Amino acid sequence: MGKRGPKKGNPYKYTKEFIEKEADALLEYARTHEGIPFLCEFAPKRGYSEYRLCEWARENNKLSQAIKELKSIQKHKLMVLSLANKVNPHIAALILKCNHGFVEKQALEHSGQIKGEGTKIVIVRPNDSEDKTKTVSRQVSVQ
């Protein structure tokens, strides 16, 4: 087998100062972005993935708060722009469900009674005597 080449990847160690500058940049992006702000749009423009940004947020409170603010702004813009029909409301609803904990509920209204005799449940169990072939049957009417 041949020799492998040099290791690839970014050996750069991200400092706390760098991460906090990125938190400031993220807040600026979220507050001034004309459209809907997304981490998956911001991070690659800055040279890293959104997953790396989330890893940093676990250890850096300032970045964690910046991400929470971005999500709040994102939620607000999705709701306002979809109500104004400036973004697809179906896609906005999907993003709100997946990323912001929204749930779709359906209310069912029932009125009136079910007519008829109801449902009969037959309970069959083996008799406690030695003859297991006999069964005891009881009918219960449910209304």
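Please treat every number below as a calculation from the coordinates, not as lab data. Everything quoted here is computed from the prediction, not taken from an experiment. Backbone-built Cβ (ideal geometry, glycine too); neighbour counts: all protein chains shown.
Each residue of the range 41-50 in turn: what ³J(HN,Hα) in whole Hz from Karplus with 6.51, -1.76, 1.60 and θ = phi - 60°, glycine and Pro shown as x? Ordered by residue, 3J(HN,Hα) equals 8, 5, 4, x, 5, 8, x, 8, 8, 5 Hz.
Once both labels are positioned 7 Å from their Cα atoms along Cα-to-Cβ, the gap between GLU41 and LYS71 label points is 1.9 nm. Extents of the range 16-100, largest first, come to 41, 23, 20 Å (Cα atoms, principal axes, whole angstrom).
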